[in-house]
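Following: one structure in structure tokens, then a few remarks.
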Amino acid sequence: MDRSAEDGGGPPTAVAPGPAAPHPVAVPQQRSSSTGPSGTGPSSTGTSSTGTSSTGTSSTGTSSASSTDTPPGPLAPPGQQPAAPRRATDGVAVAALISGIIPAIPVTLVLGPLALIRVGRSGARGRTLAITGLVLAGLWIVAGAIVAAAIITRPPPPKPVALPQVFSLRAGQCVDSGASGISGVHVLSCGQAHDAEVFATFRVAGSRYPGAAALQQRAGRGCVTRLSGYLNPQLPAGSLAQSYIYPGAGAWSAGERTVVCTVRSTSGPLVGSVRAAAP
């Protein structure tokens, strides 16, 4: 009789002969107790297997879960930190930018530094806005300085040249030169004693001033060709002399191109017109 079976009350352990054979071990049965409807007897379930690498398991068919557990909240994706809250924008920085665009330069110069101080203390957004407003104010100041310098350094416009009244004379008028020469001529009746009589006027062509000598020659030739058609042929020859007035450089630059042809007496003032009678 096996002594171990008597002492332990369990099934005997089988040992296979031979030194190379493994020693299979009988897996004890797992027991679970449950109460039936009457609660009077235990019931056991289990499976057993013999072998070298597997063991049997038993399940009671019960699960435990708490119905009062609170479901977990949303979690951030792995490796990603939760987003930081968005900082507010400082209102003074916005006002500094707007005043720099308008431009309200004195306002920008006050609000810009104030906004930078506020942003530095509070950590709010708006530093870039304040700096942009100050930069715009600086650009407006530079632009204003350039315009002011251009206005100040610009030469004054040339004063209009006061043209002598002689260039407004017309053929057939009798004039006195006066004490100031041609600039002081005045028109009077040809029946009165006078210094000269205008027999022709014409304009010199060209836009560029030809010079005093060239202009004098052109004025002389133009007056000579017009004198014979104006004079009374009954006047004694040699008693009259012609003269002419032409614009100088100043009058030419002012747009004057008129040449005035006059005839004078060689023996004294003229009385009456030297013009030929109309046929």
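Where a number appears in this text, it was derived from the coordinates with a stated rule and is not lab data. All figures in this text were calculated on a predicted structure; none of them were measured in a lab. For neighbour counting, all protein chains shown are included, and Cβ atoms are generated from backbone atoms with ideal geometry for every residue, glycine included.
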Under 11 Å from the 7 Å Cα→Cβ point of Lys159, by amide nitrogen: which residues of the stretch 243-263?
none
Trypsin sites (Lys or Arg not before Pro) within the stretch 82-160, DSSP loop, no more than 13 other Cβ atoms inside 10 Å:
Arg86, Arg87
Return the FRET efficiency for the residue pair Ala149, Ile101: r is the Cβ-Cβ distance, R0 is 25 Å, and the value is rounded to the nearest 0.05.
0.55
Measuring from label point to label point, each 7 Å out along Cα→Cβ, what is the Gln217 to Val142 span in nm?
5.8
Can you put Ser265, Ser99 in order of Cβ neighbours within 10 angstrom, beginning with the fewest?
Ser265, Ser99
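What shape does the stretch 165-265 have by the C-alpha gyration tensor, where a ≥ b ≥ c are the square roots of the eigenvalues, rounded means a/c under 1.5, and otherwise prolate means a/b greater than b/c and oblate the rest?
Verdict is oblate for the stretch 165-265.
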Considering the options Phe202, Ser228, Gly138, tell which one lies farthest towards the positive end of the dipole of the stretch 134-279, charges being +1 on Lys and Arg and -1 on Asp and Glu at the Cβ, about the Cα centre.
Gly138
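By how many nm would the segment from Thr132 to Arg257 grow when fully extended, if each residue of separation counts as 0.36 nm and the alpha-carbon distance is taken off?
Working it through step by step, the gained length comes to 39.0 nm.
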